Structures are given as structure tokens and as C-alpha cells.
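The values are calculated or read from the model by the stated rules, or taken from the named source; none is laboratory data. Just so you know, these numbers come straight off a predicted model, no measurement behind them. Neighbour counts are summed over all protein chains in view; Cβ atoms, including those assigned to glycine, are modelled from backbone coordinates with ideal geometry.
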Amino acid sequence: MNKPRLVPAPISLQFSEASLDRELFEREYQKLSESDDDPISQWLKLAKARGETAESDPVLLNLVVELHRKIDALEMLIKNETPKRVSLTCEAEIKAIGFEYFELKDALLEEGKEYYGRIEMPVHPKRDIGVFFKALSGSLAQIVKMHERDEKEWAAYMTARERVLIREAREKKS
């Protein structure tokens, strides 16, 4: 197999072998896709459905919603509450990403095995995405299952990273 085109991207990953508890991992995977189903998001969806946001500035509305989420996060921090996440056995740094692939900094994977992981996306708003992936080598993985919304965010992040690299390359030539 030809090595896929990858772009350097500093992202954190937590993962475990999928066979350890497939049902539990599948459950978290589904919950992470519904992470926008917090109370403020539910309210916003209902307001949009009723047409109450038609005259609102969408950017401003999203910023207000994000401020509300930040306040909720601060409140959780003050109360010493943490979101319930499945305990995963390994932590790793992703070195580079492609549209359907990523490469770890260190060779921690066992070729041919399937894994479940949480990727901490460095985008606004910051959030974790659930992903199932298959090890193609000790460090190269192919994404097997990712939610559609997360795929779009992943592709947008990869494209943004490519732009940064192109800009840096142009600056070096000058």
C-alpha cells in the first residue's frame, strides 16, 4: 500500500483496543456525536425549528451559545465535576493526519487490530470526537468509523493545516 498523503498536525489521542469492550465504546461513540445535545443546544434547536432565530445574526448567536457552554464548564470545574468518559488504556500524540488516516508520533499500535479512540480536536469549540480506527502499521492508522459532522470538522482542520504549511513554505522562499 502506498503511504497516504499526511499533513503535520499536533493532536492528542486516547485509545484502547476495540475488542476490550465494544459495547461500552460504541455507547460513548454515540454520546460524543450527540455532545451538542446539552440544554443550550436543545433550546437553540427548538428555537431554530420554530423560526425564532430567523432574524438573529448566526455568528453572534453561536458566540453567545459558546459563552454559555464556557460558563457551564466553569461551573462544573468549580463544583469539581467532570464529564463521564470511558477509561481508555493508552495516550498518544498524533504526528500527522490525512482525510482517512493519521500517524502517531510513536509506534503504539498492533498491525491489523481495531481500536476505539477519542481525539481532542483543536478547533472552536474544542471538543472530543469518537473514532474507530484500524492499525495499518505500528504508527499508521486508517479511520474506520467517524460521525459525519466529525468527518467534516476533521477535513476542515486538515485543510487549514495544509494552508498553514503552504504559507510557511512561501515565506521561506521569500
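In this structure, Ala135 does not satisfy being in contact with a Leu (Cβ under 7 Å, 6 or more places away or on another chain) and touching a residue at least 40 places away in the same chain (Cβ under 8 Å).
Please report, ordered by residue number, the strands (runs of 3 or more DSSP E) entirely within the range 15-121 with at least 3 residues that are surrounded by 15 or more Cβ atoms within 10 Å (Cβ to Cβ), at pLDDT 85 or above and out of contact with any Leu (no Cβ under 7 Å at 6 or more places or on another chain).
On the way: elements: 90-97, 101-104, 114-121.
Strands (runs of 3 or more DSSP E) meeting the threshold: 114-121.
If you take the residues in the range 122-137 that are crowded, with 20+ Cβ neighbours inside 10 Å and among the small types (Gly, Ala, Ser), which one is modelled with the lowest pLDDT? So, considering only residues that are crowded, with 20+ Cβ neighbours inside 10 Å and among the small types (Gly, Ala, Ser), the one modelled with the lowest pLDDT is Gly130. In the range 1-33, the qualifying residues are those that are farther than 19 Å from Ile97 by Cβ and of a type in the set (Gly, Ala, Ser), and the one that is farthest from the chain's Cα centre (by Cα) is Ser19.
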